[in-house]
Amino acid sequence: MDPVARRVWRADEEIVLSRKEFDLLHALMSRAGEVVSRADLMRDVWHTSFWTSSKTIDVHLGWVRRKLGDPSRDPRLITTLRGRGLRFEVGDLDAASSTTAPTG
């Protein structure tokens, strides 16, 4: 991820995200390995302290997962912890480690 240029790659393929999709992914990746609450995401991504829709985060998360090839039924990159929030996974997951800017 290149937060300055607002670009994301998975392996050698650039993933095109909308502004909010990018902001959501950036909010999660910048705290990779940590649980990020939905309230924090609403504040940091949507800049609001109230819920505009109970499904706002879920809809955008679905789009991000689809574009990253992270199936909603068995997500490996972004996991949901019921009642706690979302987490961008770190560790030995090759899919997670390949969501970075290409080198070279």
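The values are calculated or read from the model by the stated rules, or taken from the named source; none is laboratory data. Keep in mind it's a predicted model, so treat the numbers as computed, not measured. When we count neighbours, we look across all protein chains shown, and the Cβ atoms used for this are built from the backbone with ideal geometry, even at glycine.
For the stretch 11-27, the set of residues classified as under 18 Å from His60 (Cα atoms) and in a strand (DSSP E or B) consists of Ile15 only. Out of everything in the stretch 28-73 that is crowded, with 17+ Cβ neighbours inside 10 Å and not in a helix (DSSP H, G or I), what residue ends up being farthest from the chain's Cα centre (by Cα)? Among residues in the stretch 28-73 that are crowded, with 17+ Cβ neighbours inside 10 Å and not in a helix (DSSP H, G or I), the one farthest from the chain's Cα centre (by Cα) is Trp46.
Is it the case that the stretch 75-92 has a residue that's in contact with a strand residue (DSSP E or B) (Cβ under 9 Å, 6 or more places away or on another chain), in a loop (DSSP other than H, G, I, E, B), basic (Lys, Arg) and at pLDDT 95 or above? No, the stretch 75-92 has no match at all.
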